[in-house]
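Read-outs: derived from the displayed coordinates by stated rules, not from any lab. Note that this is a predicted model, so its numbers are computed, not measured. Here the Cβ is made from the backbone with ideal geometry for all residues, glycine too, and neighbour counts use every protein chain on show.
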Ligand SMILES: Nc1ncnc2c1ncn2[C@@H]1O[C@H](COP(=O)(O)OP(=O)(O)OP(=O)(O)O)[C@@H](O)[C@H]1O
Ligand SMILES: [Mg+2]
């Protein structure tokens, strides 16, 4: 589903990702870990086509990304749901509207939009908050809305960047359960995290980055 072949990414005069190769199979759930600044977010951004590699090849769902024209990028992104820190909720829209937006852009009809938004809200246990505004929700609730927004379009791939940052252990465990449910439905999931608790005893692959190098792989 995702394939990196000798990928390097430089920012200015700094290398964020160094000659990395790995593959993620369709339907796999995989974790990325490593110290602050090791390149986790950069790696997710490369998959989302928010950054371009300076060297090497990235293939997403069979598409070699260097072959894509600008106009092809949205088509690849349609397959990808993201839970990123710098992709916040819109404050002047309700929870329902925040989640519905992705479907509206795609021209999904109102009736189906309603069904799918409520379904996504049910998955994250926030059906009762559909008419609330983000500001009135707790941090954990907002994070679950962000997850509902990422999954409402049923993407083949879900990318999550430190999805449990700032959450208490119980709420974090809830987020992990949601990911497991989504994974059980066949979604390919990549989770970048410092939090060992997220992958401990999962039996899933854990890739470790350090200074942009892929320095190890273990099972959680
Ligand atoms: N937009 C940018 N411009 C310049 N340098 C950047 C940019 N984004 C990241 N970097 C640098 O690239 C390196 C990797 O950053 P990245 O954000 O991928 O690390 P990370 O593993 O996600 O760290 P954290 O755990 O703190 O989120 C860091 O040294 C960072 O300073
Ligand atoms: Mg990061």
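Structural remarks
- Using C-alpha pairs under 8 Å with a sequence gap of at least 6, the mean separation divided by the residue count of region 84-154 gives a relative contact order of 47 percent.
- An ellipsoid equivalent to region 1-116, defined through the eigenvalues of its Cα gyration tensor, has semi-axes of 30, 17, 14 Å when rounded to whole angstrom and sorted largest first.
- Size check on region 171-220: the Cα extents along the three principal axes, sorted descending, read 32, 23, 18 Å.
- Annotation: Cα Rg of region 84-154 relative to the compact-globule expectation 2.2 N^0.38 Å equals 0.98.
- The distance separating the Cα centre of region 30-81 from that of region 128-186 comes to 21 Å.
- Rg/Rg_ref, region 1-51, where Rg_ref = 2.2 N^0.38 Å and atoms are Cα: 1.15
- Note on residue 219 and residue 135: their simple-model spin labels are 5.0 nm apart, each label 7 Å out from Cα toward Cβ.
- Ranked by how many other beta carbons lie within 10 Å on average, peptides 102-113, 146-157 from highest: 146-157, 102-113
- When you restrict to C-alpha pairs under 8 Å that are six or more residues apart and normalise by the size of region 25-84, the relative contact order lands at 20 percent.
- Over the residues of the chain, the helix contribution to mean residue ellipticity at 222 nm works out to -9500 deg cm²/dmol, using -39500 (n - 2.57) for each DSSP H run of at least 4.
- Cut-off 14 Å (backbone N to label point 7 Å along Cα→Cβ of residue 66), residues of region 1-43: 4-10, 19-20
- Using the Stokes-Einstein relation with a Kirkwood hydrodynamic radius computed over Cα pairs, the translational diffusion coefficient of the chain at 10 °C and a viscosity of 1.306 mPa s comes to 89 µm²/s.
- Cα-based convex hull volume of region 138-177 per residue, rounded to whole Å³: 62 Å³
- Rounded tilt (10° steps) of 110-123 against the dominant C-alpha axis of the chain: 70 degrees
- Ranking of 180, 69 by count of other Cβ atoms within 10 Å, fewest first: 69, 180
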